[in-house]
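Below: the structure, in structure tokens.
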Amino acid sequence: MNSNPALVVKDLSVVFEDDNAELQALENISFALRAREFVCFLGPSGSGKTTLLRAIAGLIQPTAGEIDFRFGRPPKIGMVFQQPNLMVWRSVLDNIKLPLELEDVDKNIAEEKSKELIDLVGLNGFERSYPRDLSGGMAQRVGIARALIHDPDLLLLDEPFAALDALTRERMWGELSNIWQAKRKTVVLVTHSINEALFLADRVLVLTQRPGRIKLDLEVSLPRPRADDIRYTSQFGELAKKLRAAIE
């Protein structure tokens, strides 16, 4: 893995204000993210995980601190939310290629790239299907493909599997791991799940209760590619204990 940082966050704080009070969501967050690294933000509800992700995405302005991208230019960012937010009147193919349409990319190029991603996320045969015809897992695969279509430098995922049933969610871990192995994007994933974080990540950053601070920065020393049965190994169990202790 490339040891050069792709992103450096230094002393980041976020305070939300209204007419009556202030709410400090994050306090003095600092970390570096390596190029092509897969990092998970893990923590209890209210720890500021999504706030931190949105600050990196540029959707929230930090109150203090710095977010320094090291791509040599303004980065292209892809984002996947808890709900895939597909356009119900557009087919799978048309939903995926929408970002390229908005960039006025040649129609034939956009269609070719969309078909490549349909193959990558395992949706062959569903190109002309509509969101109403898809399962939750399939719809989220469309969302991931759409986020990848413009070849982002950084892929941000905000609990993309939270609404799925347990079995589908675990199956999607393997799907996302395969996609990352194929594309090797720099990825940040927000999750509440210790198992999800360990199965997917190279590193896990554990945030405290509000205001969120980094309590643990854990390297995940599990071999890749990771098969489902790795979750039943003693090494996985020991790492899970460390994360659970940090959260509790």
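Tabulated data
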quantity: Elements of type helices (runs of 4 or more DSSP H) in the stretch 154-248, at least 2 residues being surrounded by fewer than 20 Cβ atoms within 10 Å (Cβ to Cβ) and of a type in the set (A, V, I, L, M, F, W, C); calculated: 166-183, 234-247
quantity: Hits in the stretch 167-204 - residues which are over 19 Å from GLY237 (Cα atoms) and out of contact with any Leu (no Cβ under 7 Å at 6 or more places or on another chain); calculated: LEU167, THR168, ARG169, ARG171, GLU175, ASN178, TRP180, GLN181, ARG184
quantity: Test: residue in the stretch 235-248 that is of a type in the set (Asp, Glu) and more than 29 Å from ASP151 (Cα to Cα); calculated: yes
quantity: Test: residue in the stretch 170-185 that is under 13 Å from the mean Cα position of the chain (by Cα), farther than 23 Å from ALA110 by Cβ and of a type in the set (S, T, N, Q); calculated: yes
quantity: Subset of the stretch 30-71 (residues that are surrounded by 18 or more Cβ atoms within 10 Å (Cβ to Cβ), among the aliphatic types (A, V, I, L, M) and in contact with a Pro (Cβ under 9 Å, 6 or more places away or on another chain)); calculated: LEU33, ALA35, ALA55
quantity: Options GLU37, GLU22: the member that is free of Cβ contacts under 8 Å to residues at least 24 places away in the same chain and on the phi < 0 side of the Ramachandran plot; calculated: GLU22
quantity: Only one of GLU196, GLU175, GLU219 that is over 20 Å from ILE56 (Cα atoms) and out of contact with any helix residue (DSSP H, G or I) (no Cβ under 8 Å at 6 or more places or on another chain); calculated: GLU219
quantity: Pick from the stretch 72-95, criterion part of a loop (DSSP other than H, G, I, E, B) and polar (S, T, N, Q), ranking: surrounded by the most Cβ atoms within 10 Å (Cβ to Cβ); calculated: SER91
quantity: Test: residue in the stretch 135-146 that is free of Cβ contacts under 8 Å to residues at least 24 places away in the same chain, buried (at least 18 other Cβ atoms within 10 Å of the Cβ) and outside any helix (DSSP H, G or I); calculated: no
quantity: Matching entry among LEU216, LEU207, LEU222 (being of a type outside the set (Lys, Arg), under 23 Å from LEU167 (Cβ atoms), touching a residue at least 12 places away in the same chain (Cβ under 8 Å) and touching a Leu at 6+ places or on another chain (Cβ under 9 Å)); calculated: LEU222
quantity: Whichever residue in the stretch 123-169 is of a type in the set (Asp, Glu) and on the phi < 0 side of the Ramachandran plot and, among such residues, is modelled with the lowest pLDDT; calculated: ASP165
quantity: Residue list for the stretch 115-131, filter: outside any helix (DSSP H, G or I) and without any contact (Cβ under 8 Å) to a residue 24 or more places away in the chain; calculated: ASN124, GLY125
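Each row is one residue, and each column tells you yes or no for (1) in a strand (DSSP E or B); (2) charged (D, E, K, R); (3) not assigned by TED's automatic domain parsing to the domain that holds ARG146.
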{"position": "GLN24", "(1), (2), (3)": "yes, no, yes"}
{"position": "GLY46", "(1), (2), (3)": "no, no, yes"}
{"position": "PRO62", "(1), (2), (3)": "no, no, yes"}
{"position": "LYS97", "(1), (2), (3)": "no, yes, no"}
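The values are calculated or read from the model by the stated rules, or taken from the named source; none is laboratory data. Remember, it's a predicted structure, so these values are computed and weren't measured experimentally. Glycine also receives a Cβ, built like all others from the backbone with ideal geometry; neighbour counts cover every protein chain displayed.
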